[in-house]
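Novice: Please see the structure below; I have some questions.
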Amino acid sequence: MSLFKARDWWSTVLGEKEEFDQGCLCLADVDNSGNGQDKIIVGSFMGYLRIFNPHPVKTGDGAQAEDLLLEVHLRDPILQVEVGKFVSGTEMLHLAVLHSRKLCVYSVSGTLGNVEHGNQYQIKLMYEHNLQRTACNMTYGTFGDVKGRDLICIQSMDGMLMVFEQESYAFGRFLPGSLLPGPLAYSSRTDSFITVSSCRQVESYKYQVLAFATDADKRQETEQQKLGSGKRLVVDWTLNIGEQALDICIVSFNQSASSIFVLGERNFFCLKDNGQIRFMKKLDCSPSSFLPYCSVSEGTINTLIGNHNKMLHIYQDVTLKWATQLSHIPVAVRVGCLHDLKGVIVTLSDDGHLQCSYLGTDPSLFQAPKVESRELNYEELDKELKELQKLIKDVNKSQGVWPMTEKEDDLKVSALVSSNFDSVSQAPDVEVGTDLVPSVTVKVTLQNRVALQKAKLSVYVQPPLVLTCDQFTFEFMAPEMTKTVAFSVYLKGSYTPPELEGNAVVSYSRPTGIPRVIQCKFRLPLKLICLPGQPSKTASHKLTIDTNKSPVSLLSLFPGFANQSEDDQVNVMGFRFLGGSRVTLLASKTSQRYRIQSEQFEDLWLITNELIIRLKEYFEKQGIKDFSCSFSGSVPLQEYFELIDHHFELRINGEKLEELLSERAVQFRAIQRRLLTRFKDKTPAPLQHLDTLLDGTYKQVIALADAVEENQDNLFQAFIRLRSATHLVILLIGLWQKLSADQVAILEAAFLPLQQDTQELGWEETVDAAVSHLLKTCLSKSSKEQALTLGSQLDVPKDTSRLKKHITLLCDRLAKGGRLCLSTDAAAPPTMVMPGDALPTKRWYGLVTAHQMEAWRANVGPTARQAGQDGQGKRLKDNTGCSRASSEILLMWSDEWEVVMGPAFSCIFIGAARFRGQKEAKNGGERKQRGFD
C-alpha cells in the first residue's frame, strides 16, 4: 500500500453507466437538521438525484442501505445542484436543481421512522422556471447586497445571463462578444459576476450594470426572455490568461479581501478583486477539478487540485504541501463535515465513483520487542567515558574546531587568466576618458570526482570591474567530467578598484545531501586598468619601501610598462590608470629602497602592492628565501583621515537629501489632494496658485531625486577609494611593525568589514566598534580598559573624531609593542617595549623573584618615594641598576610602571626624570652630543 494513498473512509458506486460532471456534487445541511452535519447531494445526467448521509461502522466500509437518504428520478438530465436560501419568506435551505430547460427548487424534509428501517426523506417542489434557452450552468448569491435570501443567475449556451429573484424572473442580458459559455461565479464582496469568455479572458461584470442596462425595445417579460435583445454591456475589468478555464471559485476567509481562483487547462491562477494576479502556478499534470477550502495561516489559502493521473494535490498558495493517490479521476471535489468528522474530502468521478477520504498515513501496529535487560557496570562506563573525552580532547587539539577535510574533494576548481587582451573588447561601448577599455578572458574549469547535480558557479570581482556573466549552473551527471566556462572582465568607471583579485565560488551538494562550497581565487593583470605613463618628478603623496636586497630593474618587474633601453637598470617608471590619475615608481641606485608617489593618496595602493608581490616572486625564482620589506616612515594617517571625512560627509549629505525629498513628496501629495478637491467641487472656485505650487514642487522633487542619485554615485566611488586607502594603511602598518600574516588578517577584518555601505550599517560605526574591541582586549594597557563595555547598537556617529582618535591610539599601541591576537589570553596586558635602552616592564618584572620583590618593597620603597619627592633620583637609579632614559619617556610611562611595580618604584623614575631635567638644563648641548635625540 502506498504511503501517500488517500485513506478510504466511505465509498460507493452510483448507478450503472451514469455520467457526472463538476456541477453534479454538493455538500450542505439540505434537510435543515441544525446539527452541523452535511449531506452529500449528487445529480447525474441520467436524471437521478441522490442524497447520502454516510455512517460507516468502521473506516473503509462501503455504503449501507441506510446511508442513502433519498433517491428520485427527475427524468431530465441534472446539470448542477446547489443549496441556498431560494424560497421567499423563509431563511431555510432549499435545493436548486438545474436542468437543460428548467430550474426547479425543492425542499428536503425527513420524518422520524417508527420501524427499524430508519427515517424517511422526501422532496417537495416549491417552484420551477421553464427556460426558453438551453442552460449551461448557474451561480447564486446575494445579488445587489440583498439580505436573508439568495438569487440565482443562469448562463445559457448562447451567452445570456438570466437572473431570478426566487419565484420571479428579473431580467436577462447578453454578454458582449459571447461565443461559448464558460464557468460562472459570483463575488459578493464586489457584487460582480466573474466568467471566462471564449476569448480566453477572465471578465467581471457588475450586477448594478447588468440591472440598469435597459433593453432596446420594451416587450413583455416572456418575449424579453426569448429574445434577450439587451444593449451591449460594459465589462468592469478583464485579464487575458491565454487558455480556457475549467472552473472558477471565489473565496473570502477574512473580511479584508477575497480571492478569485481560476483553474485553467495548464495553469492555476489566483486573482485579486480588481483582476490583478496575486500568484499563478504552472501545473505538471492536466487538472480535472479544484477547490480552495481553507486558510491555515494568515494571508495563504489551501487548495485541492485533482488531475487526470488520479492524484489529489494540496497547495498552500503555490507550494505543494501534500499529494495523495485516488482510485479514480475526480471531476468534482468538496470538503465537508460528515458524521462529526470535519474536513472529509468528497470526490466524484465521471462514471459515478463517490468516495469520502482523508489524508495522512496509517499508524504502524508493529511494536519493537523488548531487549534483554542486563546489569550496568558503572565503573566500566565511567572509565569508557573518560577515555572518550580524552580522545575528543586530543582530536580537538590536533585539528582544531573544524573537521579535517577529505584527501580528495568531490569537485576541483581552477581559474586561468589569459595573458593577452581580447582581440575585440567585450566592454559594450565603454570609454573611460579618452581611453578605450580593454577586456581580458578568464576561464574557470570544473572537474568532478563523483556525480553532482546543480552545481552553481558564482564569480565576483571588485567594482568598478564588471563581468560579462557572473552566474553559471552545471549538471555533472557522471563522474570524471570536465566543464569549462569563459567570461570577460573589464573596467566600467573612471576610478580604480581596491583589488585586482577575483573569486570564483562553487556551491553544490554531495551525493549524501550535504551542501559544500569550494572557491578559487584568480588575479587579474595590472595592465587591465593601467597603461604606461610619463613619470612625474613631483607629487603630493610619497611612500618609501625598504628592502634587504639590492634593487631590481623595474623593467624586469614590470615588463610591458617601459621601453627597452640600453641600460637594463631602469630605475624610473610611470603608470597611468584608465581615467587619468598617474603614479610614479622609482628605484634607488645606491640604497635598497623604492619610492612610490602620486597626486592622490589612494592611487598608491595598487602599485605598492603590485611592487611587493612582484619583488617576492622575483626573489623566489632566484632561490632567495630571506627577502623582506619594511616601512620606516610615519604612517600617513592624516591623508587617510581626509578620505574618511569625505566619505562620512557624503553619507550625511545623503541622509539630508533623502529627508528633504521625503518632505517634498509629502508636500506634493498634499497639493494634489487639494487640487483634486477643487476640481471635484460642483461650484468652480479659484485655484489660488495651487497649480503653480504643484509645478514648482514637482520640479523640486525631480531635482532632489537627481541629487540623491548623484550623491549615491559619489558615495560609492568614495567608498571604493576609502577601501583602497585602507588596504594601503594596513600594508604600511604590517611592514612598519613586521606583523605576521595572522595579525594582518585581524587588521583587515577590523578595517574592511563591509563590501558596501547600507542604510542600516555604515563603514565608520562598524570600524569604530571593531577597533574599540581591539583596544579593549588584546591592545589594552590595564585591567580598567578591559572592564569597559561597548554599546551593543551601532548608530551613525555625529562626526569622525572618535574613530580617528581610536585609529591613532591603535597605531600608538602597536608602536609600543602591542600584539594582535584573538586567542583566549588576548585579554592579558601586552608586553610594551620602551624606546631607548630601558628594560620592558613585564620582562624586568619577570627577572625578579617573589622573595626579592618583597625585600625590595620593604627596603628600597620608602627611600625611593622620598627621593622622588626631593628630585634626587640619580643615586637610587644607580642602586637599582636601571639604565637611563629620557625624562619625557619616564614621565609618560610612570603610571604604567606604577601599575606593574608598585607606587614606590614609580617614584624612582619620576625622581630620575626630574634629576635628568635639572642636569639637561645645566648642560644644554650635552644631550645632542650623547645621542639622545
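The values are calculated or read from the model by the stated rules, or taken from the named source; none is laboratory data. Worth saying up front: this structure is predicted, and the values here are computed from it rather than measured. Cβ: placed from backbone, ideal geometry, glycine included. Neighbour counts: every protein chain shown. To get the accessible areas, we keep the full protein, side chains included, count just its heavy atoms, and leave off ligands, DNA and RNA. Shrake-Rupley method; radii C 1.70, N 1.55, O 1.52, S 1.80 Å.
Novice: Roughly how many Å² of V81 are accessible to a 1.4 Å probe, to the nearest 10?
Specialist: Its accessible surface works out to 0 Å², give or take rounding.
Novice: Whole-Hz ³J(HN,Hα) for each residue in the range 160-176, computed from phi via Karplus 6.51 cos²θ - 1.76 cosθ + 1.60 with θ = phi - 60°, x for glycine and proline: what do you get?
Specialist: 9, 9, 10, 9, 10, 8, 6, 7, 10, 8, 8, 6, x, 9, 7, 6, x
Novice: Using a Förster distance of 35 Å, how high is the FRET efficiency between E16 and D158, based on the Cβ-Cβ distance and rounded to 0.05?
Specialist: Values: r = 34 Å, r/R0 = 0.96.
In this case the efficiency is close to 0.55.
Novice: Simple spin-label model, 7 Å along Cα-to-Cβ: D145 to R75 in nm?
Specialist: So the label points at D145 and R75 sit 4.4 nm apart.
Novice: Follow-up question, since we're still on this one. Does the range 411-527 come out rounded, prolate or oblate by the C-alpha gyration tensor, with a ≥ b ≥ c the root eigenvalues, rounded set by a/c under 1.5 and, if not, prolate when a/b is larger than b/c and oblate if not?
Specialist: Numbers: a/c = 2.84, a/b = 2.35, b/c = 1.21.
Since a/c reaches 1.5 and a/b is larger than b/c, the shape of the range 411-527 is classed as prolate.
Novice: Okay, moving on. Just to confirm my numbers, what's the Cα centroid distance between the range 580-604 and the range 430-495 in Å?
Specialist: Here the answer is 33 Å between Cα centres.
Novice: Find which of A705, N571, N609 sits farthest along the positive direction of the dipole of the range 567-710, computed with +1 on the beta-carbon of Lys and Arg, -1 on that of Asp and Glu, about the Cα centre.
Specialist: The one lying farthest along the dipole's positive direction is A705.
Novice: Right, here's the next one. Once you place label points 7 Å from the Cα toward the Cβ at I518 and R678, how far apart are they in nm?
Specialist: Using points 7 Å along Cα→Cβ, the separation is 7.1 nm.
Novice: Sorted by accessible area with a 1.4 angstrom probe, largest first, how do E380, E167 fall?
Specialist: E380, E167
Novice: Apply the Karplus curve 6.51 cos²θ - 1.76 cosθ + 1.60, θ = phi - 60°, to the phi angles in the range 629-637 and return the couplings in whole Hz, x for Gly and Pro.
Specialist: My calculation for the range 629-637 gives 10, 8, 9, 9, x, 7, 5, x, 6 Hz in order.
Novice: Now for a different question. How would W9, W736 rank on accessible area, largest to smallest, probe 1.4 Å?
Specialist: Details: W9 20, W736 75 Å².
So the residues, ranked largest to smallest area, are W736, W9.
Novice: In addition: So between Q37 and N714, what do we pick up on full extension, going 0.36 nm a residue minus the alpha carbon distance? Please report the intermediate quantities before stating the final value.
Specialist: Working: separation 677, 0.36 × 677 = 243.72 nm, distance 6.97 nm.
In short, 236.8 nm is gained.
Novice: State the extension gain, in nm to one decimal, for the chain segment bounded by Q120 and A65, taking 0.36 nm per residue of separation less the distance between their alpha-carbons.
Specialist: Numbers: separation 55, 0.36 × 55 = 19.80 nm, distance 1.25 nm.
Full extension from Q120 to A65 adds 18.6 nm.
Novice: If you don't mind, there's one more thing I want to ask. Report, in debye and to the nearest 20, how large the dipole of the range 529-631 comes out about its Cα centre when Lys and Arg carry +1 and Asp and Glu carry -1 on their Cβ.
Specialist: Values: 12 positive and 11 negative charges, 31 e Å.
Taking the Cα centre of the range 529-631 as origin, the dipole is about 140 debye.
Novice: Now, a different point. Peptides 336-347, 93-104: what's the order by average Cβ count within 10 Å, highest mean first? It would help to have the intermediate numbers written out before the result.
Specialist: Numbers: 336-347: 17.8, 93-104: 20.1.
Peptide ranking by packing, descending: 93-104, 336-347.
Novice: Sequence-distant or interchain residues sharing an amide H contact under 5 Å with L131, placed H: which?
Specialist: The list, which skips near neighbours in sequence, is K102, L103.
Novice: Relative contact order for the range 411-527: what is it in percent, counting Cα pairs under 8 Å that are at least 6 residues apart? It would help to have the intermediate numbers written out before the result.
Specialist: On the way: 266 pairs, mean separation 34.7, N = 117.
Normalised by residue count, the contact order of the range 411-527 is 30 percent.
Novice: Taking the Cα centre as origin and putting +1 on Lys and Arg beta-carbons and -1 on Asp and Glu beta-carbons, what dipole magnitude results for the range 637-816, to the nearest 20 debye?
Specialist: On the way: 22 positive and 26 negative charges, 97 e Å.
Around 460 debye, computed over the range 637-816.
Novice: Something else about it: Tell me the label-point distance for the pair R595, K625, using the 7 Å Cα-to-Cβ offset, in nm and rounded to one decimal.
Specialist: Taking the two extended label points, one gets 3.6 nm.
Novice: Relative contact order for the range 637-816: what is it in percent, counting Cα pairs under 8 Å that are at least 6 residues apart? Can you show the working numbers first?
Specialist: Details: 124 pairs, mean separation 43.6, N = 180.
Normalised by residue count, the contact order of the range 637-816 is 24 percent.
Novice: Right, next: Based on the alpha-carbon gyration tensor of the range 529-631 and its eigenvalue square roots a ≥ b ≥ c, which shape applies: rounded if a/c is under 1.5, prolate if not and a/b is larger than b/c, or oblate?
Specialist: Details: a/c = 1.68, a/b = 1.39, b/c = 1.21.
In terms of gyration-tensor shape, prolate.
Novice: Would you rank V30, V796 by solvent-accessible area, highest first, keeping every protein chain in place and using a 1.4 Å probe? Show your work: numbers first, answer last.
Specialist: Numbers: V30 0, V796 60 Å².
In descending accessible area the options line up as V796, V30.
Novice: Could I ask something else about it? What percent does the relative contact order of the range 529-631 come to when contacts are Cα pairs within less than 8 Å and at least six residues apart? Mind showing how you got there, number by number?
Specialist: On the way: 179 pairs, mean separation 34.7, N = 103.
Answer for the range 529-631 is 34 percent.
Novice: If packing is taken as the average number of other Cβ atoms within 10 Å across a peptide's residues, how do 446-459, 189-202 rank, most packed first? Intermediate results must be reported in sequence, preceding the final value.
Specialist: Numbers: 446-459: 17.1, 189-202: 19.9.
Packing proxy ranking, top to bottom: 189-202, 446-459.
Novice: Taking 0.36 nm per intervening residue step and subtracting the Cα-Cα distance, what contour gain separates D236 from S458 on full extension? Please report the intermediate quantities before stating the final value.
Specialist: Values: separation 222, 0.36 × 222 = 79.92 nm, distance 4.74 nm.
Computed gain between D236 and S458 is 75.2 nm.
Novice: Continuing with this model, one more query. What ranking do 582-593, 652-663 get when scored by the average of other Cβ atoms within 10 Å per residue, highest first? Working shown, then result.
Specialist: On the way: 582-593: 16.9, 652-663: 14.0.
Put in order of decreasing packing, that is 582-593, 652-663.
Novice: May I ask you to give the solvent-accessible area per residue for the range 529-631, in square angstrom, as obtained with a 1.4 angstrom probe?
Specialist: Numbers: 5170 Å² over 103 residues.
Each residue of the range 529-631 exposes 50 Å² on average to a 1.4 Å probe.
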